[in-house]
Amino acid sequence: MTHKGASGNPAGRRFEYENDSIFWCRECNLPLIGEECGICGTKGFPITLSQPADVRFCSPYEREVLAEQLISAFGCDPLGNRIILLNKIPGEDKTDEIIVDGLHFGVLRFELSKMDYVFEPSVEGAKLLLQHGAGQKVELKKTKNRHLNGKNVDAGQVESFSRDIRAGDFVLVTAGSLSGYGISYIDGSEFDSKKDSGEKVLRVRKIDSSEEFLHEKVPSMASCIEANRKHLQALGKNAINAIRGIANRNEYRKLPVYVSFSGGKDSLVVLDLTRAALKKREFKAFFVNTGIEFPETVEFAREYCREQGIPYEEMNSGDAFWENVERFGPPAKDFRWCCKVCKLASAGDIEAGKNGRGKGTERALSGTGTGASRSGAGIEAAARKAGHGADAVAYLTVDGKRKHESFSRAKIAASETNPFVPNQLNIFPIRDWRALEVWLYIHWRKLAYNPLYDQGFERVGCWLCPSALAAEYARVKELHPEMHEKWNVFLLAWAKNLGLSEKFVEHGFWRWKELPPKMLKLAEELGISVLPEENAEAFEIEVVSGISPCKAGGFSVEAGVKGVRLKEAAEFLNVLGPVVRAEELGMLLVRSGSGTVKFFSNGNLLVSSDTKPRAVSLFKETAKQFARLSRCTGCGICEKACPVGAVSVNGNEVRVSDACIRCGKCTEACVVTRYFDRLVPDFDEKLKI
């Protein structure tokens, strides 16, 4: 895997995957994950995929959508029952390139402006559609100029123009022996009136003289599995060895093993691989029920483990999301507080024998294994007996994360610890697999899988997740109208409170705190205001005089703070340094290194230190701790992160005792400090630095 930016700069943030291609057997007309076909023995030809190259099989629902688009736009669907692959590519929402018979057939995308699907053919796809008598066709007059790609064509160059074409439609284009596709600037009914105007009526996207044909063979999924069996066996063996190699190390051999089972395809495969890898060792599947899971997912996870006799534990976050959404607002791609509150807080309880929200835990629905069900106290005792400290690995978790899922996961290692869940070592045995390999494995092993995949969902996580696609959110409305209505009512009320329109919600702008350029452009095109009228956050900090020299030496920062009470601060600010409370003065004094923090009952704040950078640093850290106090949800992540037990959480009240060693782990783990820049926007500007 090579690390490159979009411009090829090694310092860029984007990754390019080396395994960005698959193979296609021309003889058997089958996709191959290895170079050689397992049926005929011939070598396949490579098909380069757009990044991140996470190609997959087209689901039944996606096949229906594609058929509808083809028939609606071109009057025919030549693909029939052929194996269709989809490869997700960058776009404003769900966007997939379509591969059929080893050909790039076109792109199917969900457009946020229309909130509907659109199909754009490739030049190969256009040729195949033309062979089947498709409509939406423009015939150009014969010309010696073969360089039409990207050119605008005026009405005088057109021989015929289908009347059912609408402005903006993709159209099939012919010009003598050349064929391809373009985009229309006018409605077909207007063409006759444009003939002598010289007006540009069409832009040719791509056109050439090549020929393309669909393969005579239409193979089955069974043939596809047989062609890839050898490669699947090798993949499975390598993954099994990866699990065994880590789990059987001397220091981990006696530790409990869990499989992070989300009810999704990747964790399903990992569960099956772990079962094969640890035949003589007990393990347990655990499922973190965030309270906003699809009902199909919860049912599938429970029933699969029950039927397979796999010990199962369900950690339930109950109403954690709904209890906190009023405070934080809807989660966003760049403000995913929900994961920490609803998922990691419960995941951290897995070995403590506790439930993250006190709502009840589903335990061992099936199976008789007990090795992975010891209490947290037993684990900690075992760790102490082995001579390990507070940070020692106490249990192993096998996880299904993959590099190709997104660029943000491109650097997943074979194993790594989780900073939010102490004492957990994660193993990632399928980190190099693509979705196609995952699905081939599922079909090869005849594994039952979550029915939502056949309903058009590429991912089956929380149903209102901001990282989900708008196309999938539209499916939620169709499949679970009552769930969609509940969330939509909240979003509309939230938007109204901020002075934002219903269109803001309808087109999915709520899924970002800081809108990316593509969404800002879309908002401008649709005439939707994206600026809230007011900041609805309760916590406020206003710098009074910026950074100024102190008469006694050093530098100081003064500010006014709302949303934090003196008593709360007194019981918490040990994270900064020793706290002295002067009740008669209505003040707290905190000494932190070479600096001091003075907080008054009227909300005034004075931070000082010997140098300007240190004063700034201490002020920022103080502001973060005040934000933690005002925004605390009682999730308990900070309590579990503390290595010395100095943090205690009671409801939404957090206390830090004198035992605090100021290691910063509770701050690092807190969802509020993680998104401090979102909660207190333009903080540096307020600080005047």
Open item on the list: Less than 15 Å from a label point 7 Å out along the Cα-to-Cβ axis of R229: which backbone N atoms in the stretch 443-460 qualify, by residue?
Closed with: 443-446
Open item on the list: At 0.36 nm per residue, and after removing the present C-alpha to C-alpha distance, how many nm does the segment from T42 to F213 gain when stretched out fully?
Closed with: 59.5 nm
Open item on the list: Which order do you get for K141, K562, K265 if you rank them by accessible area with a 1.4 Å probe, largest at the top?
Closed with: K562, K141, K265
Task: Cα→Cβ-extended label distance, 7 Å offset, between Y61 and N238, nm - done: 3.2 nm
Open item on the list: Could you sort the peptides 623-629, 247-253, 329-335, 679-685 by per-residue average Cβ neighbour count (10 Å cutoff), highest mean leading?
Closed with: 623-629, 329-335, 679-685, 247-253
Task: Calculated FRET value between D454 and S648, using beta carbons and R₀ = 51 Å, to 0.05 - done: 0.60
Open item on the list: Suppose the chain between A659 and K279 were pulled fully straight at 0.36 nm per residue; how much longer would it get relative to their current alpha carbon spacing?
Closed with: 132.4 nm
Open item on the list: Past 25 Å, Cα to Cα: identify those pairs from K254/K640; K127/K230; K279/K343; K265/K521, in the order given.
Closed with: K127/K230; K279/K343; K265/K521
Task: Global form of the stretch 7-136, assessed from the alpha-carbon gyration tensor, a/c cut-off 1.5 - done: oblate
- [ ] Take the Cβ-Cβ distance between E533 and S601 as r, set R0 to 30 Å, and report the resulting FRET efficiency rounded to the nearest 0.05.
- [x] 0.40
TODO: With a ≥ b ≥ c taken as the square roots of the eigenvalues of the C-alpha gyration tensor of the stretch 606-662, please select rounded if a/c is under 1.5 and otherwise prolate if a/b is larger than b/c or oblate if it is not?
DONE: prolate
TODO: Lys and Arg at +1, Asp and Glu at -1: add these up for the other residues within a Cβ distance under 14 Å of A493 and post the number.
DONE: -1
TODO: Evaluate E = 1/(1 + (r/R0)^6) for R253 and E307, where r is the Cβ-Cβ distance and R0 equals 35 Å; express this FRET efficiency to the nearest 0.05.
DONE: 0.75
Task: Within the stretch 172-196, backbone nitrogen closer than 15 Å to the virtual label 7 Å beyond the Cα of D154 toward Cβ - done: 194-196
Open item on the list: Please report the net charge: other residues with Cβ closer than 14 Å to the Cβ of H480, K and R +1, D and E -1.
Closed with: -4
Task: Listed pairs K598/K624; K200/K518; K284/K333 exceeding 25 Å between Cα atoms - done: K200/K518; K284/K333
TODO: Just tell me which lysines come within less than 19 Å, Cα to Cα, of K486; anything on the same chain fewer than 8 places away is out.
DONE: K477, K496, K503
Task: Rg/Rh for the stretch 216-297, where both radii come from Cα atoms and Rh is the Kirkwood radius - done: 1.10
Open item on the list: As an exercise, find the ratio Rg/Rh for the stretch 53-204 from alpha-carbon atoms, using the Kirkwood inverse-distance average for Rh.
Closed with: 0.99
TODO: Return the ratio Rg/(2.2 N^0.38 Å) for the stretch 126-220, where Rg is computed over Cα atoms only.
DONE: 1.12
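The values are calculated or read from the model by the stated rules, or taken from the named source; none is laboratory data. As the structure is a prediction and not an experimental result, all values here were calculated from the model. Positions of Cβ are generated from backbone atoms using ideal geometry, with glycine treated the same way; all protein chains shown enter the neighbour counts. The protein model used for the area step is the full one, side chains on, heavy atoms only, and it has no ligands, DNA or RNA in it. Shrake-Rupley method; radii C 1.70, N 1.55, O 1.52, S 1.80 Å.
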